[in-house]
Amino acid sequence: MHKKMLNGLSPAQFLRRHWQKKPLLARAGLPEFADLLNRKRLIELALLPEAESRLITRKGRQWTVHHGPFRRQDFAKLPDRDWTLLVQGVDLLLPRARELLGRFDFIPYARLDDLMVSYAPQGGGVGPHFDSYDVFLLQGEGRRRWQISSQRDLTLVDGAPLKILRDFKPAREWTLDAGDLLYLPPRYAHDGVALSDCITLSVGFRAPSAQDLCARFLDFMQDNLDASGLYADPGLKPTRQPARIAPQMAKGLLKMLAQARSSRSDMLRFIGEDLSTPKSQVVFEPPRRAMTLPAFSKAIRQRGLQLSAASILLYDDKALYMNGERCELPAAARPLLRRFADHRMLTPASAIPTAATEVFYDWYRAGFVTPSSD
């Protein structure tokens, strides 16, 4: 299955030869998802308040960006060409979109961001740009011309509402038809222009910057800090240099600050919680009438269990991390819960450890998981 979408390569070969190194074009890589969305359906999604959407128009060299949610009349006023509608997080809105993301399960979930879908009439695009993350571009209906370049000059146009390259020099060019799949590594310059009414599906993989990661870690440490004591100097002597920070005072304060040092376990916990934190707009809805624990246990044995669309469940050698929270696990429950995290679902089973059932039940009442449909 993976070889077709990777132009005949196995996942190991693709990761070794192309991942974060060079582009790959797979003709007819994923034709079964080319009809995932059309213009009408994408516009319907852009009307939803929970959808993150943008409308980009171009007149000559002037670009305009409007953010959703939109109204239907917003699209009635648009010209016949040179505009683009983008909707982020489509995997949270459409079950079949989540099935598409499942095709990339040879890459860790911790790297997966979301599925963005764009529609553009002829001439539509977002200008030459680069992304700071890996992306797979799947062509839906219609055709799009992609020009790419490994250029080092990534200077952007000053004052533009989009991150548009000031001096784009394309080195290669392809026209993608429905079902074609193009992989681009981070910081690879590219420009996609619609040759006809077309849909493009972008599977993005997140890569946090060191600056952002460290800033979030400092917030984490502040929330989890448990420092004690109050500065004291009972042996203080009179001074003739009242503006000086005396060595004795600095020594005492340094001793207090040493309590803010982080351990490896602190950093690992932060990593798990940070990587499993959903986007800020995600809201989980608990069941209106929650089943009792016995009824829930019977339901998942008979029907199975699935992770809610917006949930992020990861694990390391010590714990599981569900939607930004660290979960200590009984030893008897770990194998099953890790298998559930890897597959995002459990098939019906006759026996589930009690400890695992209790964890699943807590997640069910929070809206993180749900029994599978009959």
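The values are calculated or read from the model by the stated rules, or taken from the named source; none is laboratory data. In this text, all values refer to a predicted model and were calculated from it rather than measured experimentally. Here Cβ is always computed from backbone atoms with ideal geometry, including for glycine, and neighbour counts include all displayed protein chains.
Please work out which residue is nearest to Leu268 (Cα to Cα), limiting yourself to the stretch 199-225 and to residues that are touching a residue at least 24 places away in the same chain (Cβ under 8 Å) and among the charged types (D, E, K, R).
Once the filter is applied, the top-ranked residue is Arg216.
Does the stretch 33-58 hold any residues that are closer than 18 Å to Ser196 by Cβ and of a type in the set (Gly, Ala, Ser), and which are they?
Listed by number, the list holds a single entry, Ala34.
If the Cβ limit is 9 Å and pairs must be 6+ apart or interchain, which residue in the stretch 151-175 that is without any contact (Cβ under 8 Å) to a residue 60 or more places away in the chain pairs with which residue that is of a type in the set (Lys, Arg) and exposed (fewer than 11 other Cβ atoms within 10 Å of the Cβ)?
Correct list of pairs: Val157/Arg61.
Identify the single condition in (1) surrounded by 10 or more Cβ atoms within 10 Å (Cβ to Cβ); (2) under 23 Å from the mean Cα position of the chain (by Cα) that Glu285 does not satisfy, given that it satisfies every other one.
Glu285 satisfies every listed condition except (1).
Only one of (1) over 26 Å from the mean Cα position of the chain (by Cα); (2) surrounded by fewer than 17 Cβ atoms within 10 Å (Cβ to Cβ) is not met by Ala356, so which one is it?
Against the list (1) over 26 Å from the mean Cα position of the chain (by Cα); (2) surrounded by fewer than 17 Cβ atoms within 10 Å (Cβ to Cβ), Ala356 comes up short only on (2).
Tell me, please, whether a residue that is of a type in the set (D, E, K, R), touching a residue at least 60 places away in the same chain (Cβ under 8 Å) and assigned by TED's automatic domain parsing to the domain that holds Phe360 can be found in the stretch 300-307.
Yes, the stretch 300-307 contains a residue that is of a type in the set (D, E, K, R), touching a residue at least 60 places away in the same chain (Cβ under 8 Å) and assigned by TED's automatic domain parsing to the domain that holds Phe360.
Does Ser280 qualify as being within 21 Å of Asp114 (Cα to Cα), at pLDDT below 95, exposed (fewer than 10 other Cβ atoms within 10 Å of the Cβ) and among the small types (Gly, Ala, Ser)?
yes
Going by what's in this entry, would Leu78 be described as of a type in the set (A, V, I, L, M, F, W, C) and modelled with pLDDT of 95 or more? First the steps, then the outcome.
Details: of a type in the set (A, V, I, L, M, F, W, C): yes; modelled with pLDDT of 95 or more: no.
The answer is no for Leu78.
Please list, ordered by residue number, the strands (runs of 3 or more DSSP E) wholly in the stretch 35-144 having 1 or more residues that are hydroxyl-bearing (Ser, Thr, Tyr) and more than 21 Å from Leu313 (Cβ to Cβ). It would help to see each step written out before you state the result.
Details: elements: 52-59, 62-67, 83-88, 112-120, 134-139.
Output list reads 52-59, 62-67, 83-88, 112-120.
So Asp134 fits all but one of (1) in contact (Cβ under 8 Å) with a residue 12 or more places away in the chain; (2) acidic (Asp, Glu); (3) over 25 Å from Phe168 (Cβ atoms); what number is the exception?
Against the list (1) in contact (Cβ under 8 Å) with a residue 12 or more places away in the chain; (2) acidic (Asp, Glu); (3) over 25 Å from Phe168 (Cβ atoms), Asp134 comes up short only on (3).
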